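Student: For reference, the structure I am asking about is given below.
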Amino acid sequence: MTFSVNLTANPYRGLSVQDVDFVPSESAVRRWIIGRRIYRRTQFIAVRHSAEAVLIAVNRRRAGGLFDVVEDVEVVAAAEELVWVDSPETDVGIASELATVAAHHRRAGIDTYVVTGRYRHVNFVHRPRPLRITVDEVVPPHPAKLYQMARQAVAFDEDLPPITLIQRLISIPSLIRRARGARHLLPCQGAGPAGHEDSNVDYLDAGPAFRDDWTLVGCRRSQQIYEEFYGQPPVRVDFCPELSIPAGDGGARLTKCCQLERGIRVDGQTAVVPWGATLDEVRQAIDGLAGAGDRDA
């Protein structure tokens with residue numbers, strides 16, 4: 001049987017580690033395990049002898065109570081296909097952390113990485129193929145908030161597959177330098193230069209008196225607020241991360257839009273969250289991308 005990419009024990013308690021007194025070849029493991037009773041939550045067993053280990057998936061017969069009987073096994077990784085890594089800082093419940101360890105210890109011909117991590121908990125990742133998600137965001141403020149929230153979501157959601165996040169940023173100071181006019185209007189002070197020391201920048205959320213030499217550096221919502229305040233359309237440079245940054249290579253993409261006030265929007269491999277998204281909205285968006293991503297067998 002060919003096991004899927006990014007396979008892990010989820011939860012990690014589904015993996016049992018058993019030290020044995022024989023060399024764990026497939027035939028020896030089958031003789032040892034078939035007919036034995038195992039805890040009903042066990043999905044996989046790492047059978048280990050000294051420096052060699054074999055990872056198996058178990059098929060069981062329900063026996064009632066806490067223990068089942070092993071009827072058959074399938075080898076996920078033979079000893080020559082597996083590396084065991086000690087990584088005390090790794091949370092083995094998070095697939096992305098397992099994939100990071102695998103990348104650091106990658107070897108030719110190795111498909112499976114078993115990791116002893118934090119609290120001496122153990123898990124594995126088989127054929128790690130992290131989903132790459134590009135996070136499109138506007139700065140300042142620094143660090144990029146959406147990227148940081150995406151990292152938080154990936155770091156705690158145990159149901160996500162391995163994910164690699166790449167940030168792609170729109171620089172407001174760069175837009176200001178390229179914008180027409182000598183005076184600029186930003187949506188809020190959080191978008192301004194450090195210390196707000198630029199005397200040629202005003203902030204829309206402060207409701208300043210109208211000036212006819214402004215260039216608004218902002219999104220569609222900022223334009224709407226401007227028109228409500230001042231009764232006319234602004235000269236504007238758009239910094240919407242959804243619209244201003246090309247989709248690129250067509251891979252998975254996480255971004256935000258001021259026109260989306262709550263919830264998320266997932267369209268193919270692009271997920272959009274509101275400006276000012278909650279951490280749970282970011283988590284849902286990443287989960288939507290993980291569900292839409294390519295899952296090669």
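The values are calculated or read from the model by the stated rules, or taken from the named source; none is laboratory data. All values reported here derive from a predicted model rather than from experimental measurement. Using ideal geometry, Cβ is built from the backbone for each residue, glycine included, and neighbour counts are taken over all protein chains shown.
Conditions tested, residue by residue: (1) more than 30 Å from GLY218 (Cβ to Cβ); (2) in a strand (DSSP E or B).
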residue: VAL101; (1), (2): yes, no
residue: ARG107; (1), (2): yes, no
residue: VAL114; (1), (2): yes, yes
residue: PRO128; (1), (2): yes, no
residue: ILE166; (1), (2): no, yes
residue: ILE170; (1), (2): no, yes
residue: PRO173; (1), (2): no, no
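Student: Follow-up. Regarding THR255, is this residue within 18 Å of ALA144 (Cβ to Cβ), at pLDDT below 95 and surrounded by 14 or more Cβ atoms within 10 Å (Cβ to Cβ)?
Tutor: no
Student: If you don't mind, there's one more thing I want to ask. Give the residue that is modelled with the lowest pLDDT, with candidates limited to residues of the stretch 264-297 that are part of a strand (DSSP E or B) and buried (at least 21 other Cβ atoms within 10 Å of the Cβ).
Tutor: THR270
Student: Does any residue in the stretch 103-115 that is under 13 Å from ALA53 (Cβ atoms) come within less than 8 Å, Cβ to Cβ, of a residue that is part of a loop (DSSP other than H, G, I, E, B) and not hydroxyl-bearing (Ser, Thr, Tyr) six or more places away or on a different chain, and which pairs are these?
Tutor: What qualifies is THR112/ARG127; TYR113/HIS105; TYR113/PRO128; VAL115/VAL92.
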